[in-house]
1. Sort out which residues of the stretch 292-320 are over 16 Å from ALA230 (Cα atoms) and away from ligand 1 (no atom under 11 Å from the Cβ), and write them in order of number.
2. Within the stretch 179-196, identify whether any single residue is touching a Pro at 6+ places or on another chain (Cβ under 7 Å) and within 16 Å of ligand 1 (Cβ to nearest atom), and answer yes or no.
3. Between a first residue in the stretch 250-262 that is without any contact (Cβ under 8 Å) to a residue 60 or more places away in the chain and a second residue that is part of a strand (DSSP E or B), which pairs have beta carbons less than 8 Å apart while being 6 or more apart in sequence or on different chains?
4. Can you find a residue that is surrounded by 13 or more Cβ atoms within 10 Å (Cβ to Cβ), near ligand 1 (Cβ under 10 Å from one of its atoms) and among the acidic types (Asp, Glu) anywhere in the stretch 273-284?
5. Given the residues VAL209, VAL239, which is the only one that is hydrophobic (A, V, I, L, M, F, W, C) and outside any loop (DSSP other than H, G, I, E, B)?
6. Criterion first (under 21 Å from the mean Cα position of the chain (by Cα) and either loosely packed, with under 15 Cβ neighbours inside 10 Å or away from ligand 1 (no atom under 16 Å from the Cβ) (or both)) does GLN205 satisfy it?
Amino acid sequence: MLKQLNQQDLFRLLEQLAISFQLLVPQTLVDGTRGLLPWNGSQTSMSGEPLQRKPTALFFPQTDHLVHLGSDGMAATPAGSDKPLALCGLNREDLAGIAFIDRFFAAQPADDIYLKKRTAALIIGLTGYVGREQQFQPLAEGQCDFELIADQQHWLAVAYTESGKHWLADYPDGPEDVLQLLRETSRGIASQHEQAVKRASRLLQAEQVPDSFWEEISARCIRCGGCNFACPTCTCFCVQDRKTINGIERSRIWDSCQLDAFMREASGHNPMGTELLRTRRRIHHKLVDDPQRWGETGCILCGRCDRACPTGIGMFAICDEIVSRFDR
Ligand code: SF4
Ligand code: SF4
């Protein structure tokens, strides 16, 4: 389904969505970065520039309260919010990140806590001429309920799910030829880092990268965990029990495979007991294990780990180094 919206239509649509959902829209923050914040009924920046925080955290938060065990022996799960989430304004990479962890949490044994939040939510992509100074942002062409594509005059809206079709039903049909032109423009844009990540993945799968490389790289890691905590496709967590005044609260909290305690066993044995093994694992998981399990790398090319890493060993930096040193 293809529709065309003008600015008034867009506001009408957002107003309608805000009745049924907790609607978050892109806003420019005081420091110039972007975040998804509750829609307040007024103008939003509607910019498709990257978001600082990973949006997957809205469904898989850093601390996720799971259950409260009362001193009377009764278990109670936390009440969810009144309305499901509607996220408006995700770019192609962030939509890919949500799709990646959707598949992970839906695999058996399915994660009911994640899926409950996620299946009730509405996801809206934002692409086309919505970058800084109206720079073109590649189209998502799926992975959301509907995609808003700025064509410099209007918003084209393409629905991919029944829910997306429902919300767009009242708006006029859009021009197929304009959409086709935008698709061609989008497919002509080469991702700056995609080639290096794919080539590094092939080299790692062919075991062309020696341990001495990982020794060098891992010596730079200060074990802050920032790369994992910033990454939209990292899904590792540990479970924490905390005493409350009337029982125990069980939560899951994000874990980081770069931290020393990540796989340490109660006996003290740690199968990932060195920096070399942990750094190698972080990259191998995304570029070797994920392609084997899912048919694609676990890196959706968002660049957050490169921005987060204080010592310059994020995914893009490492892939560039692998390619320059081992691709013959
Ligand atoms: S660029 Fe880094 S943070 Fe982004 S998906 Fe890839 S590994 Fe994760
Ligand atoms: S962000 Fe960099 S320094 Fe921090 S844990 Fe990750 S690789 Fe190590």
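The values are calculated or read from the model by the stated rules, or taken from the named source; none is laboratory data. What you see is a predicted model, and the numbers here were worked out from it, not measured in a lab. No Cβ is skipped: glycine too gets one built from the backbone with ideal geometry, and neighbour counts run over all protein chains shown.
1. First pass over the stretch 292-320, keeping only residues over 16 Å from ALA230 (Cα atoms): 292-297, 318-320.
Scanning the stretch 292-320 gives GLN292, ARG293, TRP294, GLY295, GLU296, ASP320.
2. Within the stretch 179-196, the subset touching a Pro at 6+ places or on another chain (Cβ under 7 Å) is 186, 189.
Narrowing the set further to residues that are within 16 Å of ligand 1 (Cβ to nearest atom) leaves none.
Within the stretch 179-196, none of the residues are touching a Pro at 6+ places or on another chain (Cβ under 7 Å) and within 16 Å of ligand 1 (Cβ to nearest atom).
3. Hits for this filter: ASP255/PHE237; ASP255/CYS238.
4. No.
5. Numbers: VAL209 fails: outside any loop (DSSP other than H, G, I, E, B).
Exactly one residue qualifies, and that residue is VAL239.
6. no
Residue-wise test of (1) part of a loop (DSSP other than H, G, I, E, B); (2) in the same structural domain as LEU13 (by TED's automatic domain parsing); (3) farther than 21 Å from PHE146 by Cβ.
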position: GLY32; (1), (2), (3): yes, yes, yes
position: GLY35; (1), (2), (3): no, yes, yes
position: SER45; (1), (2), (3): yes, yes, no
position: ARG53; (1), (2), (3): yes, yes, yes
position: ALA57; (1), (2), (3): no, yes, yes
position: LEU69; (1), (2), (3): no, no, yes
position: GLY73; (1), (2), (3): yes, no, yes
position: CYS88; (1), (2), (3): no, yes, no
position: GLU93; (1), (2), (3): no, yes, no
